[in-house]
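Presented below is the structure to which this report refers.
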Amino acid sequence: MAIAPAPTEPAGGTGAAGPGPRPGGARRLLRYAGAPAALLAVLAALYLYVGAHDLDRIERRSLNAEYLLSRTWQHLGLSLVVVVLILAIAVPLGVALTRPGARRFSGPVLALANVGQAIPTIGLIVLFAVAFVSWGIHTIAITAIVLYGILPVLRNTMVGLDQVSPAVIESARGMGLGRAQVLWRVELPLAVPVMLAGIRTALVLTVGTVALATFIGAGGLGDVISNGISSNRTVVLVTGSVLVAVLALAVDWLAGIVEDVLRPRGI
């Protein structure tokens with residue numbers, strides 16, 4: 001007599017109410033909560049490190065709350081202006097260079113952007129300060145840092161748009177969409193993940209590079225580092241360096257959250 005096979009249990013196991021948690025959810029939560037916790041721990045360690053020193057008059061001039069907050073706001077202000085200009089230039093330019101009539105200019109433009117990033121930033125800032133002294137220190141610093149940081153956004157915008165399948169574009173055109181509609185409703189949404197990666201890179205580069213603006217008197221947290229170097233005060237130098245690093249990592253953390261939120265579903 002044949003024995004009937006036992007009933008097969010569902011893949012989810014007995015008593016499974018539905019699909020399990022999304023893969024990577026715990027890792028994403030750890031990243032969201034872990035990064036700020038680690039940065040706060042670094043700031044706490046820095047506070048204890050500075051507090052363990054008997055600061056002299058020169059050190060207290062740089063290591064007080066009013067001075068550090070003012071330089072932090074200057075740093076953030078310069079960074080924000082630079083990033084806005086980079087996005088305003090690089091994204092439209094990257095879109096234009098992927099259009100059929102302008103593709104022949106993409107090579108020279110990318111080569112020029114590569115030159116801007118290949119030149120050492122401090123050299124570019126000083127060169128602009130010497131050549132365009134009438135512009136003003138903040139304009140010089142912003143212009144030089146924009147030229148340095150424009151490449152990641154420009155290149156990723158072009159790569160993101162170029163990787164969109166021609167078949168998808170033709171399908172959209174076949175549905176009656178015009179060129180502008182295809183760009184806004186098909187190409188740009190599909191290119192968003194690559195574009196956001198370039199913007200995130202540019203953000204971190206900008207926050208770190210703005211510290212070099214101190215060498216032409218544009219302010220920012222670079223002033224704290226410069227004060228530590230010029231006065232040979234290690235505690236001041238370490239404080240300025242750690243604050244710049246923490247600020248850059250905090251911006252990267254925020255950009256990572258924005259990247260996850262703006263990434264189209266299913267990509």
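Taking the conditions exactly as written (under 27 Å from Val146 (Cα atoms) and in contact (Cβ under 8 Å) with a residue 60 or more places away in the chain), does Ala248 satisfy them or not?
Numbers: under 27 Å from Val146 (Cα atoms): yes; in contact (Cβ under 8 Å) with a residue 60 or more places away in the chain: no.
The answer is no for Ala248.
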Residue tally, condition open to solvent by 40 Å² or more (accessible area, probe 1.4 Å), among the hydrophobic types (A, V, I, L, M, F, W, C), touching a residue at least 24 places away in the same chain (Cβ under 8 Å) and assigned to a helix (DSSP H, G or I), over segment 251-267: 4
Filter pass, Leu177 being over 29 Å from His75 (Cβ atoms) and open to solvent by 20 Å² or more (accessible area, probe 1.4 Å): yes
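Can you pull out the helices (runs of 4 or more DSSP H) entirely within segment 151-232 that have at least 1 residues that are within 18 Å of Ala255 (Cβ to Cβ)? Even if it seems obvious, please write down each step before you answer.
Numbers: elements: 166-174, 179-182, 188-209, 222-231.
Filter on segment 151-232 gives 188-209.
Every residue, every condition in (1) open to solvent by less than 70 Å² (accessible area, probe 1.4 Å); (2) out of contact with any Gly (no Cβ under 8 Å at 6 or more places or on another chain), yes or no:
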| position | (1), (2) |
| --- | --- |
| Thr121 | yes, yes |
| Ile125 | yes, yes |
| Phe128 | yes, yes |
| Phe132 | no, yes |
| Ile142 | yes, yes |
| Ile145 | yes, yes |
| Gly149 | yes, yes |
| Pro152 | yes, no |
Residue match in segment 70-91 (condition: more than 22 Å from Val251 (Cα to Cα), modelled with pLDDT of 90 or more and open to solvent by 30 Å² or more (accessible area, probe 1.4 Å)): no
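Kindly indicate whether Val168 is open to solvent by 20 Å² or more (accessible area, probe 1.4 Å), farther than 30 Å from Phe215 by Cα and either touching a helix residue (DSSP H, G or I) at 6+ places or on another chain (Cβ under 7 Å) or of a type in the set (Ser, Thr, Tyr) (or both).
Details: open to solvent by 20 Å² or more (accessible area, probe 1.4 Å): yes; farther than 30 Å from Phe215 by Cα: yes; either touching a helix residue (DSSP H, G or I) at 6+ places or on another chain (Cβ under 7 Å) or of a type in the set (Ser, Thr, Tyr) (or both): yes.
Yes: the conditions hold for Val168.
Of the residues Leu93, Leu40, which is assigned to a helix (DSSP H, G or I), among the hydrophobic types (A, V, I, L, M, F, W, C) and under 30 Å from Val164 (Cα atoms)? Before the answer, list the steps.
Numbers: Leu40 fails: under 30 Å from Val164 (Cα atoms).
After applying the criteria, what remains is Leu93.
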Lone unmet requirement of (1) modelled with pLDDT of 90 or more; (2) within 27 Å of Leu124 (Cβ to Cβ); (3) open to solvent by 70 Å² or more (accessible area, probe 1.4 Å) for Phe215: (1)
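If we keep just the residues of segment 221-240 that are touching a residue at least 12 places away in the same chain (Cβ under 8 Å) and open to solvent by 10 Å² or more (accessible area, probe 1.4 Å), which is nearest to Arg61 (Cα to Cα)?
Asn227
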Subset of segment 89-111 that is hydrophobic (A, V, I, L, M, F, W, C) and under 21 Å from the mean Cα position of the chain (by Cα) - its residue that is farthest from Val192 (Cα to Cα): Leu110
Residue satisfying all of: in segment 43-62; not in a helix (DSSP H, G or I) and not small (Gly, Ala, Ser); least open to solvent (accessible area, probe 1.4 Å) among these: Leu55
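The values are calculated or read from the model by the stated rules, or taken from the named source; none is laboratory data. No experiment lies behind these values; they were computed from the predicted model shown. In this analysis, Cβ positions are derived from the backbone assuming ideal geometry, glycine residues included, and neighbour counts consider all displayed protein chains. Side chains are part of the model used for accessible areas, which takes the heavy atoms of the whole protein and leaves out ligands, DNA and RNA. Shrake-Rupley method; radii C 1.70, N 1.55, O 1.52, S 1.80 Å.
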